[in-house]
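Read the figures in this text as sums done on the coordinates, not as results from a lab. Since the structure is predicted, the reported quantities are computational estimates derived from the model, not experimental observations. Neighbour counts run over all protein chains shown; Cβ positions are idealised from the backbone, glycine included.
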Amino acid sequence: GAGVSQSPRYKVAKRGQDVALRCDPISGHVSLFWYQQALGQGPEFLTYFQNEAQLDKSGLPSDRFFAERPEGSVSTLKIQRTQQEDSAVYLCASSLGDLEKLFFGSGTQLSVL
Amino acid sequence: SQQGEEDPQALSIQEGENATMNCSYKTSINNLQWYRQNSGRGLVHLILIRSNEREKHSGRLRVTLDTSKKSSSLLITASRAADTASYFCATDPNTPLVFGKGTRLSVIA
């Protein structure tokens, strides 16, 4: 596609439910990033892939968060046993390589009730 | 953690005026980038300035970088109502980019 695509656009989950957020990067982009953005704040880094390799997952808040990119293209961010504090916008971005400009998707707004 | 810190947190100006936003950061960088975010949307890349550059222009945007002071500024000239958005600086001491908390700009028609 022409840009980074994220789905769903909005997700409402009951506390304790598992959720899966999808990111379809720009074709040919090697690097893929997940960020979490709380209301009124800047994006906070979660994890980063170069092709299918997860090179950095230091930003994942807990072991309830898991990300994968098995074929080096589409990525899924999974959150198990969601908590209210997980409510945020989850942004995916891709780039041609490291230290290059990022292309962001529109994000998934997760609300945990 | 957020390395970049934008100043001011919020800015309100009249259409046609210039808007200046500042960014300070803590560690050495390779590049500094500025992004814009409209409400409810993803971030859009505006401009990248490398650590060996001091000034860069793109249309109505002018970015300066002072590595000795670890600071950058973004100037938007002749602002328009459509420039209303949040603006973030992002630095790359390593991969990944680290974003600041942003400046919320309101341009009043």
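So here's what we get for this one:
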quantity	calculated
Debye, to nearest 20: dipole size of the protein assembly as shown, +1 on Lys, Arg Cβ, -1 on Asp, Glu Cβ	340
Dipole magnitude (debye, nearest 20) for region A:50-113, charges at Cβ of Lys, Arg, Asp, Glu	180
Total lysine pairs under 27 Å (Cα atoms) in the protein assembly as shown, excluding pairs fewer than 8 apart on one chain	25
Shape call, the protein assembly as shown: gyration tensor on alpha carbons, a/c limit 1.5	prolate
Cα-centred dipole magnitude for chain B, charges only on beta-carbon of K, R (+1) and D, E (-1), debye, nearest 20	160
Residue of B:Gly42, B:Gly16, B:Gly59 that the Gaussian network model of chain B assigns the largest fluctuation, springs spanning Cα pairs under 10 Å	B:Gly59
Kirkwood-Stokes translational diffusion coefficient of chain B, alpha-carbon pairs, 20 °C, 1.002 mPa s, µm²/s	156
